[in-house]
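To keep things clear, I will list the structure first and then write my remarks on it.
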Amino acid sequence: MIRAVPGVTRPRVRPPCPRRGGRGRWVPRATPPGPRECESGDRAPGAGQDVRESPAGAHRDTEDVVMSGSGEEKSPEGLTHLDGRGRARMVDVSGKPVTVREALARARVTMKPSTLRLIVSGEVEKGDVLAVARVAGIMAAKKAGELIPMCHPIAVTSVQIDFQVDESESSITVLVTVRTRDRTGVEMEALTGAAVAALTIYDMCKAVDRSMTVTDLQLLRKEGGRSGTFVREEEDDQR
């Protein structure tokens, strides 16, 4: 029990003012609880502030919003996966016509000549390298919509994978052709299939050659859709 000592008054303990770091007294309010104020008039940190996040890019002027021909927003730079405020989005393709679309992509795996001989002769310990890579590429092409964030899930109707062995360059080129009848193209499906098929070749042979390199992942051709046909110039020269 605290006893009162004559001539000594017990100091009144005041809670610190959070803004000024000193001592202060909360001003009582008759109204329902709101932002608390210090005796000095300072508000507590964060008082009266809206804690909700503002949309990304909300600082942009409204004049930055650009509408595409279909009435959708697109970025000022014309990027379809960004809206006029720079926010990522999946493009609405519901208004596009269903057409036949095709894409051809490739990837190249370079390796030691001894590794290439093992693959061609079927002597790799894990099994038939190209057969496994073909299956992996087909599976990957069908999963592109799950791997690439803004890629649409598409009903792929055909995936064809071919391999070109180049002994002079000690390399294997993976060629992936994907077809569909849908509202958007299959470029990402072809590229994903080529990438995973090439990575599978690496995985199958890494025990004997960890210096293998995956290069030249690129789209060679696409057909169908509003943008028409695209052919990479080097492929056009080879025809």
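Let me spell it out: the conditions are (1) out of contact with any Ser or Thr (no Cβ under 8 Å at 6 or more places or on another chain); (2) over 20 Å from ARG108 (Cα atoms); (3) at pLDDT 95 or above, and CYS151 meets all of them except one. Which number is the exception?
(3)
Would you point out the residue of region 159-173, among those that are closer than 15 Å to LEU118 by Cα and of a type in the set (Ser, Thr, Tyr), that is farthest from the chain's Cα centre (by Cα)?
Going through the qualifying residues, I end up with SER170.
One residue is enough: does region 53-60 have a residue meeting the conditions modelled with pLDDT under 50, more than 27 Å from ASP216 (Cα to Cα) and in contact with a helix residue (DSSP H, G or I) (Cβ under 9 Å, 6 or more places away or on another chain)?
Yes: region 53-60 contains one or more residues that are modelled with pLDDT under 50, more than 27 Å from ASP216 (Cα to Cα) and in contact with a helix residue (DSSP H, G or I) (Cβ under 9 Å, 6 or more places away or on another chain).
Looking only at region 221-239, how many residues end up being surrounded by fewer than 22 Cβ atoms within 10 Å (Cβ to Cβ) and part of a strand (DSSP E or B)?
Within region 221-239, residues that are surrounded by fewer than 22 Cβ atoms within 10 Å (Cβ to Cβ) and part of a strand (DSSP E or B) number 4.
Identify all residues within region 129-165 that are aliphatic (A, V, I, L, M), under 24 Å from SER211 (Cβ atoms) and surrounded by fewer than 15 Cβ atoms within 10 Å (Cβ to Cβ); write none if there are none.
Those that are aliphatic (A, V, I, L, M), under 24 Å from SER211 (Cβ atoms) and surrounded by fewer than 15 Cβ atoms within 10 Å (Cβ to Cβ): ALA131, VAL165.
Every residue in region 86-128 that is surrounded by 15 or more Cβ atoms within 10 Å (Cβ to Cβ) and among the acidic types (Asp, Glu), please.
GLU102
Is at least one residue of region 181-189 farther than 12 Å from LEU130 by Cα, outside any strand (DSSP E or B) and of a type in the set (A, V, I, L, M)?
Looking for residues that are farther than 12 Å from LEU130 by Cα, outside any strand (DSSP E or B) and of a type in the set (A, V, I, L, M), one finds at least one in region 181-189, hence yes.
Just to be sure before I move on: is ARG210 surrounded by fewer than 23 Cβ atoms within 10 Å (Cβ to Cβ) and either in contact (Cβ under 8 Å) with a residue 40 or more places away in the chain or under 15 Å from LYS143 (Cα atoms) (or both) in the structure I sent?
no
Tally up the residues in region 164-217 that are in contact with a strand residue (DSSP E or B) (Cβ under 9 Å, 6 or more places away or on another chain), of a type in the set (Gly, Ala, Ser) and either at pLDDT below 95 or farther than 12 Å from VAL109 by Cα (or both), please.
Number satisfying all stated conditions: 3.
The values are calculated or read from the model by the stated rules, or taken from the named source; none is laboratory data. Model, not experiment: these values are computed from the prediction. Cβ: placed from backbone, ideal geometry, glycine included. Neighbour counts: every protein chain shown.
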